[in-house]
1. Where Lys and Arg each count +1 and Asp and Glu each count -1, what net charge lies around A:Thr143 among other residues with Cβ under 12 Å from its Cβ?
2. How much net charge surrounds A:Gln206 when only other residues with a Cβ under 11 Å from its Cβ are counted (Lys, Arg +1; Asp, Glu -1)?
3. So if each residue of separation counts as 0.36 nm, and I subtract the Cα-Cα distance between B:Gln540 and B:Arg599, what length gain in nm does that give?
4. For the protein assembly as shown, what does the alpha-carbon gyration tensor say about shape, rounded, prolate or oblate, given a ≥ b ≥ c as the root eigenvalues, a/c under 1.5 as rounded, and a/b over b/c as prolate?
5. I want to make sure I understand the PRE zone here: with the label point 7 angstrom from the Cα of B:Arg281 toward its beta carbon, which residues in the range B:221-242 have backbone N atoms less than 17 Å away?
6. Under a crude label model (7 Å from the Cα following the beta-carbon direction), how far is B:Trp34 from B:Arg475 in nanometres?
7. Which FRET efficiency value, to the nearest 0.05, is calculated for B:Leu173 and B:Leu516 with the Förster distance at 30 angstrom and r the Cβ-Cβ distance?
8. Once you charge only the Cβ atoms, +1 for Lys and Arg and -1 for Asp and Glu, what is the size of the charge dipole of the range B:1-60 about its Cα centre, to the nearest 20 debye?
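All of the numbers you see were taken from the coordinates with simple rules; none came from a lab. Please read all numbers here as calculations on a predicted model, not as lab measurements. All Cβ positions, glycine included, derive from the backbone under ideal geometry; neighbour counts span all protein chains shown.
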Amino acid sequence: MQKIISAIVADIGKILLGKEHQVKLALACLLSRGHLLIEDLPGMGKTTLAHALARVLGLSYNRVQFTSDMLPADILGVSIFERDSGQFRFHEGPVFCQLLLADEINRSSPKTQSALLEAMEERQVSVDGETRPLPEPFFVIATQNPLHQSGTFALPESQLDRFLMRISLGYPTREAERALFQGVDPRAQLRQLKPRIDIAALRKMQAMVAQVKASESLLDYLERLVQHTRQSPECSVGLSPRGALALLHAARAWALIHGRGHLLPEDIQAVLPSVAGHRLQSEGGDGARLVERLMRQVDIIAA
Amino acid sequence: MARSKELLPRESLLWIFAAQFVALLPHFARLPLWIVCAWAFAIYWRLEVYRGRRDLPGRLVKLLAITLAVAGLALSYRRWFALEPMVALLAVSFTLKNLELVSRRDAFLSLLLAYFVAATLFVYEQTIPYAFYGVLCALVITAALAAQSGSFSARPRRALGLSAKLLAQAAPLMLLLFIVMPRLGPLWAVPQDASGARTGVSDSMAPGDFTRLSKSDSPVLRISFDGPVPPPEQRYWRGLVYSHFDGRRWSQGFSVDPRQGAEVEWNSRQQRLPEVGPRYRYQVIQEASNAPWLFAMARPLSDTRGVGETADDRLVKKTPVHSRFAYEVRTWPRETLTDAPVLGDAERRRNLQLPATGNARTRAWAAEQRAAGLGAEEISRRLLNFYNRSFVYTLNPPALGADSVDEFLFHSQQGFCEHFAGSYVFAMRAAGVPARVVAGYQGGEWVEQEAYLLVREYDAHAWAEIWVPGRGWQRVDPTAAVSPERIRDGLQSAAEEEFMQDALLPLHRISVFNQLRLQWDMINYRWYRAVISFDSDRQQNLLRRLLGEVSLARLALFVGAAIAAGLAGALLWLWFISRRTRPPLAIRLYQKFCQRMARAGMVRRPGEAPRDFARRVREEKPQLAEVTERITRAFEKAAYCEDPAAEQQLRRLLRRPLTRYRTRKV
């Protein structure tokens, strides 16, 4: 079990050099049945990460490039009249897959965004009055460009909340970049990746996440963290119960990835920036700095 | 403007105005209307200033306002050194201060003044509802003070909550100060306005004029007995003696009012009353009557300071009773006194005085009795029989003409106590028997739970006393001859229909309501006994009971003990709270470890996870790294895996000082 996870991380690490932490976060997000938002500049390897994950985990993979003129039907699918049979037939859209890469989600109009986000939440699609379930597991990796770039529609807070984590990859280290220059073309490598596990194993792992033990002392810490975000004058909006729950789930997955059957405060600290960063709001400052202060201020041991 | 930065924000102003309103509200009825208007105008102006439509008044306007205010006060009151003008002056200055309410300092000044204004309420009223109102004032003013510190704390719920918390915390201190603070006498006496006098008993009575009998049920006296309680027929609370009759009006007459030189024994210890115990000992709590006379049964004696005894067996107070007054009385009923009574010539003349003419028929009847050579008691009996045969007790008798006694005795034959007492005394005097009218209260309602007698305004009564040679003054109640139930059961039941005909609702028929009224009076009585009448004597008594002896050292010890008890209570409370949220054992052990590490120079940062800390220890203090590692592992297992064995291990690891591990390692 631990071996498989290490192998998965290593496989992706071969392509996405020096981004082990982010890869693990993405994996944790997947294991805790959440969706992932990657926010970064173009060309940082967002797509590569998604694609590599899909291949290693053996998931069916679709990619949608969001544009401003996109309509919901372009994602969900559309019923088309077929002259041969004289009937409408539903043509599934790209959303019908196990891992959907929604590239540059903030380029599309809010209408389209919300169609996808609804599918993410309900794990089903309603078209023409008919409800169609999405495949299991269903995992969305959305990427978005930083908002100050032109031609983007910012996702509102309520929709950001649908994503379990928001991570950014960042520039590679010097060594990683040098290795990138010297190495083989990542695309070729990607094609060579073999699935490490099957769907059943993935499901089993997802079930194991829920069994990771969270002790009283740890829940105390979690409670203190959440209370701090709600009471501190720095945060204008604190963590919602859903946010707190997301934090706990993600931390459990993180503990599982690290081969532990119980949660440590470090697990929470490891996932906190990516789980809470896009959920907290502060006056003036950005979420990341807020989370950093939050981690420093809230005592792990006692209040 | 340099000052604009510290200008008061809107919430501050609104809070100040609210505090002012609450403090001034009870005074609105007493103050002249123009002060209320001035207050409203000052607030209007200040709000206009806040909106930027107007400037703060200049020096000239302020001077004008002050002049107007002083002139207004002078015109409204015409005298300065009385209580009401002083309160009005305070209210006016309070009002004018709004015109220069600029900085935070002004706000505090105004609010502190508001406390003072709120306190003046108790100069007038000391009853329970006003006490509650006083607490409300303190609450609002304190909230206004709390609200001055900023927008967040100016929210009503927050400010009031903080204020309530502060007041609650101050309550024990208040109690302590209430008990130990020396009761100073007033530094100067401010004469109080006596125009509002109202009482069931006045300094004269004119039975013929109209029915002035008070139907008010407000309490007048509350009498609690130490020892036996007199039977109902003995409960005559004498207040005034009317010796002078001018043909229409009975009054005290010349030289009876103590201030006009009557004989009053202020220092009653040299009284010629027998040593053998008095029959009745009691304490009377009298409501404000704005008159000097007090009420007690015949042959009273009082040790209370400022109370004297007159020659006609009454008690008077040196100064009028402006607020509730409590006095101790001992009474020797006349029949128990054995010394031979003597009636001086002047006294005899005074009590035989009659106008030269008028009421011829009564005089003729009296002369007849006198000619028959009857004794005083026989004449009295005949007169009472006469009353008993054909008179009617009513609260609404017809008005009487010029010869009021004649008309009453031989025509109308309807009346209440004043008519009976007046006509009786007239007839007795005409028959040559010294007699006088006595006014006061009769009876009272016995409040069982608290064991006191409640006397109300409508218990006011008038009766007579005649001089019987060899036996002295004897009380005769002519009303009893007509309406014995008036004496036995009180006015209310004797003339119930008449008594209540003005009442809107027949509440007197509902016993629950009567019960409630008595309950309320009982609460009032307790309030008075416990709070209002807590003067320096009672304070000394209480302190003596608490401390044994009142000395500075003991007092200091008492205050210190109270404060220490308060602090100990707070400490206990804190401990209790911390105990409730006590962290689990593993956490406490790890905290102990952190303390030791801190002493060794490694302070764990709050957000630092145990493993990160261990890593830092390895870098900065390698000699402690191994033990730290072991403790961290044990702690993680104990706290996050909830493994009891690891907890034991952690405890074992911490039993030895960390340095021991170091020496072993090195």
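1. Values: positive: A:Lys46, A:Arg63, A:Arg107, A:Arg166; negative: A:Glu39, A:Asp40, A:Asp103, A:Glu104.
Surrounding charge for A:Thr143 is 0.
2. Working: positive: A:Arg33, A:Arg203, A:Lys204, A:Arg252; negative: A:Glu136.
With Lys, Arg at +1 and Asp, Glu at -1, the neighbours total +3.
3. Working: separation 59, 0.36 × 59 = 21.24 nm, distance 5.60 nm.
Taking B:Gln540 through B:Arg599 to full extension adds about 15.6 nm, to one decimal.
4. Note, shape of the protein assembly as shown comes out prolate.
5. Correct set: B:223-230.
6. So the label points at B:Trp34 and B:Arg475 sit 5.3 nm apart.
7. Values: r = 35 Å, r/R0 = 1.16.
The computed FRET efficiency comes out at 0.30.
8. On the way: 9 positive and 4 negative charges, 30 e Å.
The calculated dipole for the range B:1-60 is roughly 140 debye.
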